[in-house]
Amino acid sequence: MTIVPAIDRVHGGLDRTELAAYGIDAEHVLDFSVNVNPYGGSPALREAIARARLDRYPDARAPGPLSALAALWNVEPARIAIGNGAAELLWTLVGWLGRGGPLITVEPAFCEPALAAQAHGIPVIRHWLAWERGFRLDVAPLVDTVRSCGARVIYLASPQNPTGVLIPPSTVAQAAAACPGSTFILDEAFLALSDGHAHSRERLPDNVVRVRSLTKEHALPGLRVGALVGAPSLVAELERARPAWTVSAPALAAAEAAGAEAAFVSALRTRWLDDTRALASEIGGLAGFGLTVLPSSTVYFLLDASGMDDASGMDAAGGRSDARALRRYLLTRHGVLVRDCASFGLPSCLRVGGRPPADRARLISALRAARHEPRQP
């Protein structure tokens with residue numbers, strides 16, 4: 001258990017300042033650092049967005065989108081709130097629920113809940129999951145941490161980011177039952193794109209609020225649309241505590257259309273998971289490079305680069321090979337971007353997302369080149 005000092009916001013995706021410093025054209029970068037559907041969204045959903053009326057205020061009650069998502073997720077509409085992306089919902093929940101006690105983040109984890117707590121003056125306590133145990137959540141130590149610090153809010157994710165490890169609903173339910181005075185924020189942004197996708201329709205205790213993103217599977221990160229599932233009383237209080245018209249008309253249209261796209265997401269999930277597993281197998285088969293692929297349930301996985309040796313050709317401080325140096329090499333020499341995981345507390349690791357065959361071939365070619373190119377000064 002550690003208390004978090006001030007932290008910086010670090011995410012995957014293209015950093016235009018970094019690219020400019022290296023003289024790299026963003027249009028030539030192949031991005032494995034984010035996890036957005038590389039095949040594009042469904043035509044029906046895109047058409048619904050295009051038809052949205054921009055000359056009217058969006059419906060603050062949103063009965064159509066709420067009913068569509070309720071049917072998709074097997075819950076009542078009163079248990080759903082729609083937000084301006086999952087990150088906005090996480091910020092709203094942490095700031096609203098976290099007053100009067102610390103936030104516990106089950107780590108390694110997405111940084112936005114901790115940033116939200118930091119902005120609201122809420123202490124953050126990190127509860128670390130053990131690498132040696134495959135980042136599995138054991139309930140008893142977490143409950144001990146909650147009780148010892150009087151945490152009002154606990155943030156955890158399934159699948160976890162960046163590890164891709166699932167937390168079974170039964171484990172979440174057990175922890176929530178043991179801490180009835182606390183609220184568990186369960187981040188399920190990638191659940192629909194994981195081996196645990198069926199977990200989305202399982203019920204959890206009312207002190208668990210589940211946050212979901214619709215932008216990953218539908219390739220809409222620029223639109224910003226997400227939703228949460230929680231107790232009706234929590235949802236009603238949340239709606240009273242935030243502004244009207246939080247979500248735009250196009251985002252509401254996307255949410256409503258997404259309710260009818262279960263078959264599209266199912267087919268995408270199969271294809272994308274196949275891509276991810278193929279890439280993991282190809283990287284794992286690179287002889288003598290010292291990269292270890294960690295198991296994942298979803299469309300990204302961790303690469304442990306701690307086994308890399310000096311023969312890898314990387315340029316790292318002190319003459320040692322490491323994950324950050326490999327990331328820099330892939331970007332500057334081959335225009336391939338992967339996610340450095342130092343900000344997750346995993347400095348020896350990279351997070352890599354699955355992509356189509358031609359993209360995978362480019363990454364594998366770059367890694368093979370890295371094995372043989374001379375060290376840069």
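When only C-alpha pairs under 8 Å and at least 6 residues apart count, what is the relative contact order of the range 83-158, in percent? Don't skip to the answer; put the middle values down first.
On the way: 100 pairs, mean separation 30.3, N = 76.
So the answer I get is 40 percent.
Of 166, 263, 334, which is farthest towards the positive pole of the chain's charge dipole, taken about the Cα centre with +1 and -1 on the beta-carbons of Lys, Arg and Asp, Glu respectively?
The residue sitting farthest along the positive end of the dipole is 263.
On C-alpha positions alone, give me the angle between the axis of helix 323-334 and the longest principal axis of the chain, in degrees, nearest 10.
Between helix and principal axis, roughly 80 degrees.
Place +1 on the Cβ of every Lys and Arg and -1 on the Cβ of every Asp and Glu in the range 42-107, take the dipole about the Cα centre, and give the residue among 104, 70, 91 whose Cα lies farthest towards its positive end.
Result: 70.
Just to confirm, what accessible area per residue do you get for the range 208-319 at 1.4 Å probe, in whole Å²?
Working: 4140 Å² over 112 residues.
Spelled out: the 1.4 Å probe surface of the range 208-319, per residue, equals 37 Å².
In nm, give the distance between the simple-model label positions of residue 148 and residue 51, each being 7 Å from the Cα along the Cα-to-Cβ direction.
That separation, rounded to one decimal, is 5.6 nm.
Return one number: the angle in degrees, 0 to 90 and rounded to the nearest 10, between the long axis of the Cα atoms of helix 262-284 and the longest principal axis of the Cα atoms of the chain.
With rounding to tens, the tilt is 30 degrees.
Which value in deg cm²/dmol, rounded to the nearest 500, describes the helix-derived mean residue ellipticity at 222 nm for the chain, given -39,500 (n - 2.57) per DSSP H run of n ≥ 4 and division by the residue count? Walk me through the numbers on the way to the answer.
Working: 12 runs with 139 residues, N = 377.
Using -39500 (n - 2.57) per qualifying helix, the result is -11500 deg cm²/dmol.
Whose amide H sits under 5 Å from the amide H of residue 107, counting only residues 5 or more places off or on another chain, with H placed in the peptide plane?
127, 128, 129
Evaluate the charge dipole of the chain about its Cα centre and quote only its size in Debye, nearest 20, assuming +1 on the Cβ of each Lys and Arg and -1 on the Cβ of each Asp and Glu.
Rounded to the nearest 20 debye, it is 240 debye.
State the percentage of accessible surface on the chain attributable to carbon and sulfur atoms; use a 1.4 Å probe and exclude ligands, DNA and RNA. Each step should come with its number before you reach the end.
Working: 8520 of 15940 Å².
Within the chain, the accessible surface is 53 percent carbon and sulfur.
Show me the trypsin sites (Lys or Arg not before Pro) within the range 326-377 that DSSP assigns to loop and that have at most 15 other Cβ atoms within 10 Å of their Cβ. Numbers along the way, then the final one.
Values: sites: 327, 328, 333, 339, 351, 360, 362, 368, 371, 375; in loops: 375.
Here the trypsin sites (Lys or Arg not before Pro) that fit, given the DSSP loop and packing criteria, are 375.
Percent relative contact order of the chain, based on C-alpha pairs within less than 8 angstrom and at least six residues apart? Don't skip to the end; give the middle numbers.
Values: 738 pairs, mean separation 82.3, N = 377.
For the chain, the relative contact order is 22 percent.
Among 63, 243, 221, which one shows the highest mean-square fluctuation when the chain is modelled as a Gaussian network with alpha-carbon springs under 10 Å?
The residue with the greatest mean-square fluctuation here is 243.
Which percent, to the nearest 5, of DSSP beta bridges fully inside the range 100-247 are antiparallel?
On the way: 4 of 21 bridges.
Around 20 percent of the beta bridges assigned by DSSP in the range 100-247 are antiparallel ones.
Within the chain, which cysteines find no other Cys whose Cβ is under 4.7 angstrom from their own?
111, 149, 179
Send over a whole-number figure in Å² for the accessible area per residue of the range 1-122, probe 1.4 Å. Write out the running numbers ahead of the final one.
Details: 6040 Å² over 122 residues.
On a per-residue basis, 49 Å².
What residue among 99, 46, 56 shows peak mean-square fluctuation when the chain is described by a Gaussian network model with Cα springs under 10 Å?
With Cα springs under 10 Å in the chain, the top fluctuation among 99, 46, 56 is at 56.
Solvent-accessible area of residue 245, probe 1.4 Å, all protein chains present, reported in Å² to the nearest ten, please.
Roughly 140 Å² of residue 245 is accessible to a 1.4 Å probe.
With everything on Cα atoms, drop me the angle between helix 249-258 and the longest principal axis of the chain, reported from 0 to 90° to the nearest 10.
The answer is roughly 80 degrees.
The values are calculated or read from the model by the stated rules, or taken from the named source; none is laboratory data. Here the structure is a predicted model, which means the values were calculated and not measured. Here Cβ is always computed from backbone atoms with ideal geometry, including for glycine, and neighbour counts include all displayed protein chains. Note: areas computed on protein heavy atoms with side chains; ligands, DNA, RNA excluded. Shrake-Rupley method; radii C 1.70, N 1.55, O 1.52, S 1.80 Å.
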